[in-house]
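Below: one structure, written as structure tokens.
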4 protein chains.
Amino acid sequence: MIVVLKPNLTKKEEAAVLKEIRKLGYKPHVMRGVERTVIGAIGDERNHPTLEALSAWPQVEKVMPVQQRYKLVSRESHPANSTINVRGALIGGKKFQVMAGPCSVESETQLMTTAEAVKAAGATILRGGAFKPRTSPYEFQGLGLKGLKLLAKARQATGLAIITELLSEDHVDMVAEYADILQIGARNAQNFQLLIAAAKTGKPILLKRGLSMKIEEWLLAGEYVLANENPNLMFCERGIRTFETYTRNTLDLGTIPIIKRESHCPIVIDPSQGAGRASLVEAMCKGAVAMGADALLIEVHPNPAEAWSDGAQQVSLAGFAKIMEALKPFIAAAGRE
Amino acid sequence: MIVVLKPNLTKKEEAAVLKEIRKLGYKPHVMRGVERTVIGAIGDERNHPTLEALSAWPQVEKVMPVQQRYKLVSRESHPANSTINVRGALIGGKKFQVMAGPCSVESETQLMTTAEAVKAAGATILRGGAFKPRTSPYEFQGLGLKGLKLLAKARQATGLAIITELLSEDHVDMVAEYADILQIGARNAQNFQLLIAAAKTGKPILLKRGLSMKIEEWLLAGEYVLANENPNLMFCERGIRTFETYTRNTLDLGTIPIIKRESHCPIVIDPSQGAGRASLVEAMCKGAVAMGADALLIEVHPNPAEAWSDGAQQVSLAGFAKIMEALKPFIAAAGRE
Amino acid sequence: MIVVLKPNLTKKEEAAVLKEIRKLGYKPHVMRGVERTVIGAIGDERNHPTLEALSAWPQVEKVMPVQQRYKLVSRESHPANSTINVRGALIGGKKFQVMAGPCSVESETQLMTTAEAVKAAGATILRGGAFKPRTSPYEFQGLGLKGLKLLAKARQATGLAIITELLSEDHVDMVAEYADILQIGARNAQNFQLLIAAAKTGKPILLKRGLSMKIEEWLLAGEYVLANENPNLMFCERGIRTFETYTRNTLDLGTIPIIKRESHCPIVIDPSQGAGRASLVEAMCKGAVAMGADALLIEVHPNPAEAWSDGAQQVSLAGFAKIMEALKPFIAAAGRE
Amino acid sequence: MIVVLKPNLTKKEEAAVLKEIRKLGYKPHVMRGVERTVIGAIGDERNHPTLEALSAWPQVEKVMPVQQRYKLVSRESHPANSTINVRGALIGGKKFQVMAGPCSVESETQLMTTAEAVKAAGATILRGGAFKPRTSPYEFQGLGLKGLKLLAKARQATGLAIITELLSEDHVDMVAEYADILQIGARNAQNFQLLIAAAKTGKPILLKRGLSMKIEEWLLAGEYVLANENPNLMFCERGIRTFETYTRNTLDLGTIPIIKRESHCPIVIDPSQGAGRASLVEAMCKGAVAMGADALLIEVHPNPAEAWSDGAQQVSLAGFAKIMEALKPFIAAAGRE
């Protein structure tokens, strides 16, 4: 920790700060600069109480942490890329992976039609929401267990692995029984109890970035998964909330090189939530591939206009096939398969 | 719903839109303007599928909802102010209420000292976290059940009602047994399963605004409580996330007149989280009182520098007494007691 | 400056950083912590090149400045409050000041009617836009010189001082000839050439906060005024841009105690731009007074629905009189006149 | 315009709204829905006063515009892509263009070295700031005229066209004499007087997006250029301000497909400002190419650590050559040259 003192303190005022720093378990190291005196407080910031409370003292101008707060997710602790094996599909390896399917599971016909179409176009993982977190209590909340069973049926029919959202601690066992990947949604990205419960299933976790989550906070939420002994974590950027209203969210593709730099875990991009508009999905997929993402998560529906949720952002079956075709040269240019 | 069409459509293209609107249960009403044709789609937006998916159609420029999406929390449905009785303290009535206490319950001494001091200064409700949602898994997570028992003991000793955070569906029964008000934190403000479970206890709910929650989304999260037959809801503004880094959050005091206009539920202001700096708390309390808030939620600690969480934003016992004194003329000016 | 090194550097890699720090004019001071080595670079950050470029070096994890970047606007350099005398109205003193008038000057009748009404209600300064910065080139751009002349006429008739916006370097002489206070709008808050030109007139400057300006940047923009030898600067908070769409902007009333803490210059609140809705103006005025603002800037129009600009946020003459009346107890509670 | 009325109005209250709509030049068209009555106000929103002021009326719930506010920049008015010819380099055509050079012009050696290196690596346009808008008055403000002359010399020596920033109305003639493209910076993106003056030179204009500018506002700022009879406009995304602090700005690559959809003008990406970190520039360039940008604007410096401004985000000469090489397969994949 670095503690910057206010100018013109008396010796006694300064000594009180030094005493408190020692009391909290750090060794203070004083540097006198031109306008400010700065104290380096030496000690492990993760094992001792934070000094940030000192910033409320009248003697202190600011307190700045030095260490990274995350450890297990960091590339520093694990220099090589991690990969996650999901029924034979390796996420984070040389092969670029595509997860696709409807926002919500609505019916057997809808799901099966979609599953076969996305498989034919090259997807290896089927997405589909059985439990849906909805802004309004009056909106469709998902088919629940019935939806999970339909996903399992689609897996059996197509061989595609299944990713579906987990949004309640009460559903952990049920969802983990059916899903190959547990998706933690943006609104639950700092629901730490849910993260812990999900981690303990041992299933691969796809952790979406919260709507206004700083990258450091996202990495720390991921740290909850690894600290609960589940190494199968992937991050998923799905757009952040900004002032812009043209799109539903602002897809932050810059997270791709940043996550690759800070962490060893794979990074997945969700352009459907990111854009909120089907017409923007193709360009965003191309950008994600070029920038080094490991996988895409795309919403696909046989008839978007009649989807029970988020119709504006789902692409049609034909639209999806066209996107997959358009991505090929970029996947090759990125040195992926 | 209002559907704005692209210019220069053929009759057939326009007819396809009208057909889809009818199919989804609305009666279309066409208005031809100078540059655009606009369709009013008449029907209850809460009972029919949304038309927003139409915005992905090539014929459609944009789709705009007309109705409010929330109902039970709205002032339209309940013109008079609601009040909530918490062990005799009426929130939302003429008397201005103050909830105060430590960020985290740390020990019996810490809690009892604080409880007595805040009571002496005029608070009627004691706050204290027993379960703490922490950004990092390596930070103090709260005393848990032991903390709840200390809160109950403090209530018995002082007569103060208790507010504490509920952050897990698995804790609902345990926390509801001890607390007089269940606090839903900012990071769980759209954890809808938790909201439903909390509502079903029948206990008063204090719903904090999420870090990047629009007011409409906040009202809709509140709608989850009322729709689950719990009328005892209060909203709590605690600062939103913006680009500003001087403060931890940006306290949006404008929510006071807005919530009063849109809803009948009480509004509480949390200046401690809002500012993240103890030195700004007093001014923010004054603003909250003047603008018509019903209550304050203030973090108070006997020794903020050594607090186990969020020390920078907690005020000392003497600081709290000073704030309470300073608020008196503003409470009087606002016509409150 | 504090330079945090990456872990596990060789001696040679570390030496290269130390050499560069010395080359740029700082004296390096090395502290070895538990996980990181930190270098305190001692020297005046305002007289030497910044070390921030070092953050691009592979050896460096981050670079953190220590000093405040602003000087003349800081309370550190000028502990007492500054006051600005505008034709006898003292801004920043014990008397609370109100500036009021139409968004745009539209006609002699409109301006005179408003001027007399706001004076009768207690305002001491008349606002009115002669040059208007408009988002679209097709919107009304102001009456220009004709508007300035009407403002001068209103001053003569009522004795009210005049505040009006300056938005072009080409208009500096013209606007300075008529105005008592030059207003720099949010969109020009970092138009540094305009700030310099305005400062050089010697006229009092009201500097609005830019839409997404950090407080540090706002203080530094103000520093441009004082560094050009004009001490008559006041800051004006008018709402920042956030994700919220209910209001036009999010009025950040927390700036009042922050500016009071960091600077000696007066702080003015503009609730009309801040809210963008006339119905919210009264509550925001009360909050501003209670939190210690020095003055208000309120948009008032004889017939808001027919205003040529920003009608939704202007209050009527009767509405303004009512607000002024409602503020009285809060002005008294705040110890102002 | 669409005017949504409050529920339960009397006939007289409704009639007053209709009367005002007619008075402002629109023909009202009433639609009675299930919960709300909606009025379509028919008339050209660009020729009549806006109805938005009606939203302040007690009878009115909200007012929603229907028309696009921009015209000349819209793809609707000009379906084909526009191209801009800058000394033979066509921007917006099949060939992908790269503009590169130092943040600030510092010396002849620095500029010439950079110019030759970026030309050798494939750039066709040289960037370099002669006038620099700096957050603090104490930072280097650019070499001014001397810098412009050095740029002209570099053009003569290398044949590269020149882009440089215009930040003052007082400099328009001087800068236009030397520059091939006038760059309008983010902080001046809504300095409308500067936009008009720049447009009138007839020189190509590169308009950066403001830090918190909505896409609609950006298009409208561009409209100022075209409405002043200068068709040579290109938009440049350089990152927006969000809550994230890991990067200096959040580069919004989603603007590429959006600008392509809404406008006929070319779109340029500035990854240097966008990221604020040299190590992220390469990935962002790849994303920009893949998503369909027409050109890049990259900061390159012979020795970034000693740059007089923004050293952290400038890439070295070798780093630039490496990026240009890495982009080739993506340029090919995008069907560009």
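The values are calculated or read from the model by the stated rules, or taken from the named source; none is laboratory data. These numbers come from a predicted model, not from an experiment. Heads up, the Cβs are rebuilt from the backbone with ideal geometry, glycines too, and the neighbour counts pull from every protein chain shown. In case anyone asks, the SASA skips ligands and DNA or RNA and just uses the protein heavy atoms, side chains included. Shrake-Rupley method; radii C 1.70, N 1.55, O 1.52, S 1.80 Å.
Below, the figures for the structure above:
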item	result
Per-residue HN-Hα couplings for segment A:166-172 [Karplus 6.51, -1.76, 1.60; θ = phi - 60°; Hz; x = Gly/Pro]	10, 10, 8, 4, 5, 9, 3
Residue-averaged [θ]222 nm for chain A, counting only DSSP H segments that reach four residues, each worth -39500 (n - 2.57)	-10500 deg cm²/dmol
Too-long pairs where the Cα-Cα distance tops 22 Å, listed order kept, from B:286/C:260; A:11/C:27; A:322/D:322	A:11/C:27; A:322/D:322
Between segment C:235-254 and segment B:59-101, the Cα center-to-center distance that results, in Å	22
Alpha-carbon centroid distance for the pair segment A:176-232 / segment D:29-49, whole angstrom	47
Heavy atoms of residue B:173 accessible to a 1.4 Å probe, total area in Å² rounded to 10	130
List D:149, C:146, ordered by accessible area with a 1.4 Å probe, largest first	C:146, D:149
Accessible surface ranking that places the most exposed of C:328, C:19 first, with a 1.4 angstrom probe	C:19, C:328
DSSP bridge orientation in the protein assembly as shown - percent antiparallel, rounded to nearest 5	40
Other-copy label distances relative to residue D:23, 7 angstrom Cα-Cβ extension, nm	4.6, 6.9, 7.2
Equivalent ellipsoid dimensions for the protein assembly as shown as semi-axes, Å, which come from the Cα gyration tensor, largest first	40, 40, 38
Inverse mean reciprocal Cα-Cα distance (Kirkwood Rh) of segment B:202-256, Å	12.1
Inter-label distance for residue C:12 and residue A:107, nm, one decimal - labels placed 7 Å from Cα along Cα-to-Cβ	7.1
Percentage, to the nearest whole number, of Cα pairs in segment A:1-114 over 17 Å apart	68
Tail weight of P(r) past 24 Å, computed on alpha-carbon pairs of chain C, percent	58
Rough spin-label spacing in nm, given labels placed 7 Å along Cα→Cβ, for residue C:27 and residue D:200	5.6
Carbon/sulfur fraction of accessible area - segment B:1-101, other protein chains in place, 1.4 Å, %	54
Inter-part distance where segment B:273-337 and segment A:109-159 are each reduced to a Cα centre, Å	49
Choice from B:313, B:59, B:67 showing the highest fluctuation, given a GNM over chain B with Cα pairs closer than 10 Å	B:59
Inter-copy spacing of residue C:94 label points, which lie 7 Å from Cα along Cα→Cβ, given in nm from shortest upward	3.4, 8.0, 8.3
Axis-proximal residue, chain A, for the rotation superposing A on B (Cβ, Å)	A:212, 2
Partner lysines for residue A:153 [C-alpha distance under 17 Å; skip if fewer than 8 residues away on the same chain]	A:119
Long-range HN-HN contacts of residue D:161 with modeled amide H, under 5 Å	D:126
Residue of A:243, A:192, A:140 that the Gaussian network model of chain A assigns the largest fluctuation, springs spanning Cα pairs under 10 Å	A:243
Relative packing of A:278-291, D:245-258, which averages over residues the other C-beta atoms within 10 Å, highest first	A:278-291, D:245-258
For chain D, built as a Gaussian network whose Cα springs stay under 10 Å, the top-fluctuating residue of D:269, D:240, D:163	D:240
Residues losing 50 Å² or more accessible surface upon assembly, segment C:294-337, compared with the chain by itself, 1.4 Å	C:305, C:306, C:312, C:330, C:333
Base-10 log of normalised Debye intensity for segment B:36-76 (one unit scatterer per alpha-carbon) at q = 0.21, 0.32 Å⁻¹	-0.76, -1.26
Pairwise burial D:A, computed as accessible area of each alone minus the pair, summed, 1.4 Å, Å²	2800
Angstrom value of the Kirkwood radius, inverse mean 1/r, which spans all Cα pairs in segment B:41-107	17.0
Proximal aspartates and glutamates to residue A:328, defined as alpha-carbon separation beneath 16 angstrom and excluding residues fewer than eight positions away on the same chain	A:282, A:294, A:337
Net charge of neighbours whose Cβ lies under 15 Å from the Cβ of residue C:81, counting Lys and Arg as +1 and Asp and Glu as -1	+3
Area accessible to solvent at residue C:298, 1.4 Å probe radius, in Å²	0
